[in-house]
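The values are calculated or read from the model by the stated rules, or taken from the named source; none is laboratory data. From a predicted model like this one, the values you see are computed outputs, not experimental measurements. With ideal geometry, Cβ positions are generated from the backbone for all residues, glycine too; neighbour counts draw on all protein chains shown. Surface accessibility is based on the protein's heavy atoms, side chains included, excluding ligands, DNA and RNA. Shrake-Rupley method; radii C 1.70, N 1.55, O 1.52, S 1.80 Å.
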Amino acid sequence: MKLATLKSANRDGALVVVNRALTHCQAVPAIARSLQEALDNWDIVEGKLRAVYDALNQGLVQNAQVFDPALCHSPLPRAYQWADGSAYVNHVELVRRARGAELPPEFWSDPLMYQGGSDSFVGPRDPIAVRTEDWGVDLEAEVAVITGDVRMGATLAQAADSIRLIMLVNDVSLRNLIPAELAKGFGFFQSKPASAFSPVAITPDELGDDWRDGKVHRPLTVHINDSLFGNPDAGQDMTFNFPQLIAHVAKTRELEAGSVIGSGTVSNKQGDLHGSSITNGGVGYCCLAEVRMYETIATGKPQTSFLKFGDSVRIEMFGRDGESLFGAIAQRVQEYPA
């Protein structure tokens, strides 16, 4: 099943069911007015939503409207919880290696996690609005899940059962603000502006065999200014799967339905530094910081600049049939208006 949220006068938008081909959708106010309302009552409404989804796929909904991702908000325009992990330890290892630091052994057994701002996500076609390029604007292409209610101390099995939907995310980072924030020893805040999620959130069964072991086993495709920048496999080198990330968050707290848990930047380990980029035969990257790390390790300093005003970013994942699974996050960097 595929669900989306159309922008409306209501801050939480209007829930629509989207067909598998992402061509048509149907509003379902009689079932749930918003995705959060659907998640709050998932056991009651899931079957009803699936009935609409099946009818859409069979072409039986006569008043279905054309699905336009440009009209979408993020599936959850705001959420009770947005916790982002760093499940790809290769990414963390590169960051530390670039500054000559060793990777602590516990990083392989205890996930990194930060709590992001969830009061105002932006839409998948909305701009990346920042006040200045000097902050070091970077994309971070990731996978995320939306949970139902999760009890404190949830087991891995309970965490897995709580996963309702999967989506993509661009977790924008302001890299030049990060060092000073981390030096305070209290984590990210100003360096993490609003994130954007894919137009569509999907139930795990939509992935078939590519959803296994709590991971999405499909390449995540990233373009910058229409040039292919990365195509790493999201299931490869994921040290902590989604049930592990959810259980980590729930160790000391309950999670409410509609909590969003991110994977962190998708990153595949690539042994040959010169073969890591797409142009050199590698799978590329899901953030600019990673290629800058490789450049620092190889040459002593980064060569690639961060995003500038006018630059575009596109993040998408395709199924085995070549069709887009979630629709594309397609954003352009622009100056926040004075």
What residue, among those in segment 289-323 that are of a type in the set (G, A, S) and either at pLDDT below 95 or surrounded by 18 or more Cβ atoms within 10 Å (Cβ to Cβ) (or both), is farthest from P179 (Cα to Cα)? A298
With A32, A51, A9 as the choices, which residue is open to solvent by 30 Å² or more (accessible area, probe 1.4 Å) and part of a loop (DSSP other than H, G, I, E, B)? A9
Those residues of segment 15-63 which are closer than 24 Å to F318 by Cα and more than 25 Å from the chain's Cα centre (by Cα) amount to V52, D54, A55, L56, N57, Q58, G59
Which of the numbered conditions does D138 fail, given that it passes all the others? Conditions: (1) farther than 21 Å from F188 by Cα; (2) open to solvent by less than 40 Å² (accessible area, probe 1.4 Å). (1)
Mind listing whichever residues of segment 197-214 are in contact with a helix residue (DSSP H, G or I) (Cβ under 7 Å, 6 or more places away or on another chain) and closer than 25 Å to R78 by Cα? P199, G214
R164 vs. criteria surrounded by 18 or more Cβ atoms within 10 Å (Cβ to Cβ) and farther than 17 Å from P243 by Cα: no
Over segment 67-96, the set of residues of a type in the set (S, T, Y) and either over 14 Å from the mean Cα position of the chain (by Cα) or part of a helix (DSSP H, G or I) (or both) is Y80
Considering only segment 101-112, I want to know if a residue exists there that is among the aromatic types (F, W, Y), open to solvent by 10 Å² or more (accessible area, probe 1.4 Å) and out of contact with any helix residue (DSSP H, G or I) (no Cβ under 7 Å at 6 or more places or on another chain). no
Could you grab me the full set of residues in segment 12-27 that are part of a strand (DSSP E or B), open to solvent by less than 20 Å² (accessible area, probe 1.4 Å) and touching a Lys or Arg at 6+ places or on another chain (Cβ under 8 Å)? L15, V17, V18
Answer yes or no as to whether T221 is out of contact with any Lys or Arg (no Cβ under 7 Å at 6 or more places or on another chain), open to solvent by 40 Å² or more (accessible area, probe 1.4 Å), β-branched (V, I, T) and at pLDDT 95 or above. no
Flag if V45 is more than 25 Å from K192 (Cα to Cα) and open to solvent by less than 40 Å² (accessible area, probe 1.4 Å): yes
Given the residues A64, A83, A79, which is the only one that is within 30 Å of K269 (Cβ to Cβ) and of a type outside the set (S, T, N, Q)? A83
Filtering segment 244-262 down to residues that are open to solvent by 10 Å² or more (accessible area, probe 1.4 Å) and not aliphatic (A, V, I, L, M), which residue is nearest to R320 (Cα to Cα)? Q244
Take the conditions out of contact with any strand residue (DSSP E or B) (no Cβ under 6 Å at 6 or more places or on another chain), assigned to a helix (DSSP H, G or I) and open to solvent by 10 Å² or more (accessible area, probe 1.4 Å) and apply them to D237. Does it pass? no
Strands (runs of 3 or more DSSP E) wholly inside segment 110-222 containing at least 3 residues that are under 29 Å from I278 (Cα atoms): 128-130, 141-147, 163-170, 200-202
